[in-house]
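> To start, I am sharing the structure in question, which I have written as structure tokens.
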Amino acid sequence: MPGPGTTAPQRRPEVTLAVCRGACRLMRQSGSSVVLEMPLPDGRRADIFAIGRSGDLTIVEVKSSIEDWRVDVKWPDYFNWCDLFYVAVPIDFPQDLIPVEAGLIVADAYGGEILRAPARRPVGAARRKALLVDCARLAAERLARLEDPDFDGLVL
């Protein structure tokens, strides 16, 4: 039990939620709209898929711990589906573990900060259009399910 004036360490799911929330806030503050858990055509899921005002596509992979990072070998595959790729980690994460090819965001439940911007790798026009359509359909369907949770007729 923590002593007076200290806090208990957060469990991994709590850290993941906090980092995700802070990274989403950062993306929104920069003018992007975000969708969580966006399925990609190769079967992967982007933790955070953000669309900027000019149509830029950003993927943010959220990592809550060193172990979470070390078991992830799929992160380079995300480069095929976005213009910008970031890894978001908690403040106490050893930042030198994140390769320079990826942008780096440090976040907590209240916000985030970009510590390193990634190189821009433009997505081709046909792929961009397909991703934007998929994202719009997913976001619309999620909103519709909030309004009518019993409807089960549309397959995405």
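The values are calculated or read from the model by the stated rules, or taken from the named source; none is laboratory data. Model, not experiment: these values are computed from the prediction. Glycine gets a Cβ as well: all are built from the backbone with ideal geometry, and neighbour counts include every protein chain shown. The area values use the complete protein model at the heavy-atom level, side chains included, leaving out ligands, DNA and RNA. Shrake-Rupley method; radii C 1.70, N 1.55, O 1.52, S 1.80 Å.
> Ordered by residue, what ³J(HN,Hα) values in Hz, to whole numbers, does the range 49-59 give under the Karplus form 6.51 cos²θ - 1.76 cosθ + 1.60, where θ = phi - 60° and Gly and Pro are x?
10, 10, 10, x, 4, 8, x, 4, 10, 10, 10
> Hey, can you find the accessible area per residue of the chain for me, probe 1.4 Å, expressed in square angstrom?
59
> Can you run the Rg to Rh ratio on the range 1-120? Use alpha carbon positions and the Kirkwood inverse-distance Rh.
Reported Rg/Rh, Kirkwood definition of Rh: 0.99.
> Sticking with this structure for a sec: When the accessible area of the chain is computed with all protein chains present and a 1.4 Å probe, what percentage of it is carbon and sulfur? Write down the numbers at each step before the final one.
Values: 5150 of 9190 Å².
Answer for the chain is 56 percent, counting heavy atoms of protein chains only.
> Over the chain, calculate the relative contact order: mean separation of alpha carbon pairs under 8 Å at least 6 apart, over the residue count, as a percent.
Numbers: 253 pairs, mean separation 33.3, N = 156.
It comes to 21 percent, rounded to a whole number.
> Consider just the alpha-carbon atoms of the range 62-156 and return their Rg together with their Dmax, both in angstrom.
Spelled out, the Cα radius of gyration and Dmax of the range 62-156 are 16.8, 47 Å.
> Put +1 on the Cβ of each Lys and Arg and -1 on the Cβ of each Asp and Glu in the chain; which of Pro122, Pro76, Gln29 then has its Cα farthest toward the positive end of the dipole?
Going by the charge dipole, the pick is Pro122.
> Return the calculated 222 nm mean residue ellipticity for the chain, to the nearest 500 deg cm²/dmol, obtained by summing -39500 (n - 2.57) across DSSP H runs with n ≥ 4 and dividing by the residue count.
One gets -9500 deg cm²/dmol as the mean residue ellipticity at 222 nm.
> A follow-up question, please. Please state the shape class of the range 107-156: rounded when a/c is under 1.5, otherwise prolate if a/b exceeds b/c and oblate if not, all from the C-alpha gyration tensor.
oblate
> Same structure, new question: Relative to the longest principal Cα axis of the chain, at what angle does helix 125-147 sit, 0 to 90 degrees, rounded to 10?
Tilt of helix 125-147: around 80 degrees.
> Contact order normalised by length for the range 21-112, with contacts defined as Cα pairs under 8 Å and 6 or more residues apart; what percent is it?
Working: 163 pairs, mean separation 26.8, N = 92.
Relative contact order comes out at 29 percent.
> Right, something else. Tell me, what is the percent relative contact order of the range 85-152, built from C-alpha pairs under 8 Å that lie six or more residues apart?
22
> Now a separate question. Can you give me the Cα centroid spacing of the range 20-51 and the range 100-156 in angstrom?
Cα centroid to Cα centroid, the span is 4 Å.
> To the nearest 10 square angstrom, how much accessible area does Ser32 have with a 1.4 angstrom probe?
20
> Using Cα atoms only, what is the angle between the long axis of helix 12-29 and the major principal axis of the chain, expressed in degrees (0 to 90) to the nearest 10?
60
> Sorted by accessible area with a 1.4 angstrom probe, largest first, how do Val35, Val133 fall?
Sorted by accessible area, descending: Val133, Val35.
> Here is a further query. With θ taken as phi - 60° and the coefficients 6.51, -1.76 and 1.60, list the Karplus ³J(HN,Hα) couplings across the range 66-83 in order, rounded to whole Hz; mark glycine and proline as x.
4, 4, 4, 5, 5, 7, 8, 10, 8, 4, x, 5, 5, 4, 6, 10, 7, 7
> Could you order Thr58, Thr16 by accessible surface area, starting with the largest, using a probe radius of 1.4 Å?
From most accessible down to least: Thr16, Thr58.
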